[in-house]
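What follows is one structure encoded as structure tokens, with my remarks underneath.
The values are calculated or read from the model by the stated rules, or taken from the named source; none is laboratory data. Because the structure is a prediction, the values reported are computed rather than measured. All Cβ positions, even for glycine, are placed from backbone atoms using ideal geometry, and neighbour counts span all protein chains on display.
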């Protein structure tokens, strides 16, 4: 690949900024100063910018702790709407990350953002059955019977191609002694699914926050509205999510 592309991707610069940086003598390849943006490299060289070693990766993987009031999209046509990409710095937006799946405007918590379309598609595929865990509060509280119904599957108005009612897939539900709060793990991603599930058993979600996706837990030290890169272990979990179940 061209050196200017390597610098652009690894340092989150535009191609023109990358070219100016190289011509300014700020880039070295294997300890040799290079001023030619068109130089071709294999990708396994030691490339430095201002003495700092760069690491090339075609994709980026980000954990975002979504606050309430933001739309899980890269843009929104309605004036005044805030989108989750506004929470990322401009240099990252140049890599064109997008949210993997959607959280409602008032739902908070974990969103994975990436530009790896293949892995995102696989993680969201209905055939992958990727687990997603949410922390909730509800009113009125869940009874033991309501909890058992959620765990078995409930009718939220979905039908198959023949018009027959479909139940949600079995969920894992834990609740406190009062039944007013707990966690629910689902493997589907239907529109407003958890809210509709609780309505089906006579309760209503009063707060909802995603705390885990594909085995990746929300970093408890990450404040609302902040982000960090996924660790190598978390990237492995995300990129392999649903691979075996989806037959990929």
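Inspection of segment 152-160 identifies no residue that is exposed (fewer than 14 other Cβ atoms within 10 Å of the Cβ) and closer than 26 Å to residue 216 by Cβ. Among the residues that make up segment 78-90, is at least one of them touching a helix residue (DSSP H, G or I) at 6+ places or on another chain (Cβ under 9 Å) and under 23 Å from residue 232 (Cα atoms)? Yes - at least one qualifying residue is present in segment 78-90. Mind checking whether some residue in segment 158-166 is touching a residue at least 24 places away in the same chain (Cβ under 8 Å) and assigned to a loop (DSSP other than H, G, I, E, B)? Scanning segment 158-166, I find no residue that is touching a residue at least 24 places away in the same chain (Cβ under 8 Å) and assigned to a loop (DSSP other than H, G, I, E, B), so the answer is no. Residue-level check: of (1) surrounded by fewer than 18 Cβ atoms within 10 Å (Cβ to Cβ); (2) at negative phi; (3) in contact with a helix residue (DSSP H, G or I) (Cβ under 6 Å, 6 or more places away or on another chain), residue 70 misses just (1). Every condition in (1) part of a helix (DSSP H, G or I); (2) surrounded by 14 or more Cβ atoms within 10 Å (Cβ to Cβ); (3) under 20 Å from the mean Cα position of the chain (by Cα) is met by residue 118 except one, and the failing one is (2). Residue count for segment 141-157 satisfying the condition of being part of a loop (DSSP other than H, G, I, E, B) and either closer than 26 Å to residue 110 by Cα or assigned by TED's automatic domain parsing to the domain that holds residue 111 (or both): 4. Is it true that residue 198 is surrounded by 13 or more Cβ atoms within 10 Å (Cβ to Cβ), more than 23 Å from residue 120 (Cα to Cα), touching a residue at least 60 places away in the same chain (Cβ under 8 Å) and in contact with a strand residue (DSSP E or B) (Cβ under 8 Å, 6 or more places away or on another chain)? It is true that residue 198 is surrounded by 13 or more Cβ atoms within 10 Å (Cβ to Cβ), more than 23 Å from residue 120 (Cα to Cα), touching a residue at least 60 places away in the same chain (Cβ under 8 Å) and in contact with a strand residue (DSSP E or B) (Cβ under 8 Å, 6 or more places away or on another chain).
The rows are residues; the columns are (1) over 16 Å from residue 227 (Cβ atoms); (2) modelled with pLDDT under 90.
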| site | (1), (2) |
| --- | --- |
| 11 | yes, yes |
| 24 | yes, no |
| 34 | yes, no |
| 38 | yes, no |
| 46 | yes, no |
| 56 | yes, yes |
| 82 | no, no |
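Applying a threshold of 8 Å to beta carbon distances and a minimum spacing of six or more residues, or different chains, the list of pairs starting in segment 136-147 at a residue that is without any contact (Cβ under 8 Å) to a residue 60 or more places away in the chain and ending at one that is buried (at least 19 other Cβ atoms within 10 Å of the Cβ) and assigned to a loop (DSSP other than H, G, I, E, B) reads 146/203. Looking across 74, 48, one residue alone is touching a strand residue (DSSP E or B) at 6+ places or on another chain (Cβ under 7 Å), over 18 Å from residue 232 (Cα atoms) and assigned to a loop (DSSP other than H, G, I, E, B). It is 74.
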